[in-house]
Amino acid sequence: MNFDVVVAGGSVAGLLCAREIASKRFSVLVIEEDYEIGTPEHCGGLVSMAGLEELGVIPFRKTFDHMIESAEITAPNGNSFTINSEKQKVVEISRRELDKQIAFQAQKNGAVIKVRTSFQEITDTGIRTNEEIIDCKIFVDARGVSSLVHKDRTGILLSAQYEIYADWIKKGKVEVMFDQEKYTGFFAWVIPSDEGKGKVGVAGRGINISETLDKILEEKGNYSTIRKIFAPIWVKGPIAKFVEGKTVTVGDAAGQAKPTTAGGIFTSGMGGVYAGQAISKFLKTNNRIDLEQYQKKWTKRFGKEFAKQIFARKILERVDNKTINKLFESITPEIVKEISEKDDFDFHTSSIIKLLGMKGSIKTAQTLIGGELKKLLS
């Protein structure tokens, strides 16, 4: 069997990459090791409508769940504030259906998609799967965080996310809970998919995620669990090289998920789009410079934001509960209002800066977290 490109991983980044390549009439095969495109669905499912539009996706009715109206952020001591997110036009989508929708786009363009087919190794002429040897000119690694496990375990956190039914889940309202003792270096979350239905999750460094999530749910009240997903997340930013030899790495496998939240529908998706465009041009010209434009284009778009998010992550991993509680006390209604009026969900470092202390008025934050904030502001 022979294809111009083989993509390993049938998620957003891999499928968008395949869609772009197939649109230029090159042959592309997508192999997915699971039994279904869109499974397992361990993503929170939050993305901006502007981001989806740039990815070239207008959500089907089955893909679109609902718009997010607000986000309640809670400190370890229980104090909280609520951000109005209507202006950011954030949508909660079904990842299972989104992946299928993009798979349909790729197939319509001419891509071939196979499930229950896993990548085994690179060969001299292409790759070997669990079923056969396939010749190809380019191999795209879109296998997600699993590709990073053996490269740098320090960037990986374990996460658990349960899909549940509970009357305390309110449609349109996201919850984010910070506690450095319970969820060290990360946070817990509630993401609604409808009234009384949603996803509750937690991640952290060196914690028992299953026990921690069970305790969160017990404290919240009555609930019924209908699905449990356990998955690693990557929070260390992009890998050094997106292109090595005939291998092109995209999405979570390339570290294109946001270091602050590990969300990556848009940032990883654009990695797939840029990679697909660069691969298509390379297949036409056979010029390596064209192939390497992928990383340059992604870095130009997201590199500076990701660098700031990595600094923000370092701050989060340094501070204790006492510091977080003090920071929450310094957040004024004006700061909350300014964040609420910001309309870019995908580039959110400026909102983090405001939460840590407004520019020109950061004495409290500087005292609490030191010189790291100066780097974040620069």
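Annotations
This table checks each residue for (1) crowded, with 22+ Cβ neighbours inside 10 Å; (2) more than 30 Å from V30 (Cβ to Cβ).
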position: Y274; (1), (2): yes, no
position: N286; (1), (2): no, no
position: I289; (1), (2): no, no
position: K304; (1), (2): no, yes
position: L316; (1), (2): no, yes
position: S330; (1), (2): no, yes
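- All positions within segment 184-203 that are within 11 Å of Y165 (Cβ to Cβ) and outside any strand (DSSP E or B): E195, G196
- Of all residues in segment 61-82 being assigned to a strand (DSSP E or B), touching a residue at least 60 places away in the same chain (Cβ under 8 Å) and surrounded by 17 or more Cβ atoms within 10 Å (Cβ to Cβ), the one that is farthest from the chain's Cα centre (by Cα): F81
- Residues that are farther than 30 Å from W298 by Cα and part of a strand (DSSP E or B), drawn from segment 204-228: S224, T225, I226, R227, K228
- Residues that are over 21 Å from K197 (Cβ atoms) and free of Cβ contacts under 8 Å to residues at least 40 places away in the same chain occur at least once in segment 97-106.
- Output for segment 279-292, where each listed residue is free of Cβ contacts under 8 Å to residues at least 24 places away in the same chain and touching a Phe, Trp or Tyr at 6+ places or on another chain (Cβ under 8 Å): R288, D290
- Scanning segment 241-291 for residues that are within 17 Å of A18 (Cα to Cα) and assigned to a loop (DSSP other than H, G, I, E, B) yields F242, K246, V250.
- Tally of residues being surrounded by fewer than 20 Cβ atoms within 10 Å (Cβ to Cβ) and not hydrophobic (A, V, I, L, M, F, W, C) across segment 156-178: 7
- Residues of segment 211-220 that turn out to be farther than 17 Å from T74 by Cα and either loosely packed, with under 14 Cβ neighbours inside 10 Å or basic (K, R) (or both), as a count: 2
- Here the condition is being more than 18 Å from the chain's Cα centre (by Cα), closer than 27 Å to K297 by Cα, touching a residue at least 24 places away in the same chain (Cβ under 8 Å) and assigned by TED's automatic domain parsing to the domain that holds C17; of K241, K258, it holds for K241 alone.
- When segment 314-359 is filtered for residues that are closer than 21 Å to M177 by Cβ, aromatic (F, W, Y) and at pLDDT below 85, only F345 remains.
- On inspection, D34 passes the criterion of being within 20 Å of F139 (Cβ to Cβ), in contact (Cβ under 8 Å) with a residue 24 or more places away in the chain and part of a loop (DSSP other than H, G, I, E, B).
- Only one of the numbered conditions (1) out of contact with any Ser or Thr (no Cβ under 8 Å at 6 or more places or on another chain); (2) closer than 16 Å to K304 by Cα is violated by G272, and that is (2).
- The residue of segment 153-178 that is farthest from the chain's Cα centre (by Cα), among those that are aromatic (F, W, Y) and in a loop (DSSP other than H, G, I, E, B), is W168.
- Only one of the numbered conditions (1) surrounded by 19 or more Cβ atoms within 10 Å (Cβ to Cβ); (2) assigned to a helix (DSSP H, G or I) is violated by V91, and that is (2).
- Scanning segment 114-131 for residues that are over 16 Å from S147 (Cβ atoms) and outside any strand (DSSP E or B) returns R116, T117, T123, D124, T125, N130, E131.
- Cβ separations smaller than 6 Å between residues 6+ apart or across chains give the following pairs from segment 215-231 residues that are free of Cβ contacts under 8 Å to residues at least 60 places away in the same chain to residues that are hydroxyl-bearing (S, T, Y): L217/Y223.
- Filter result (at pLDDT 95 or above and assigned to a loop (DSSP other than H, G, I, E, B)) within segment 94-113: G110, A111
The values are calculated or read from the model by the stated rules, or taken from the named source; none is laboratory data. Every value quoted in this text rests on a predicted model; they were computed, and no experiment measured them. Ideal geometry is used to build each Cβ from the backbone, glycine not excepted, and the neighbour counts take in all protein chains shown.
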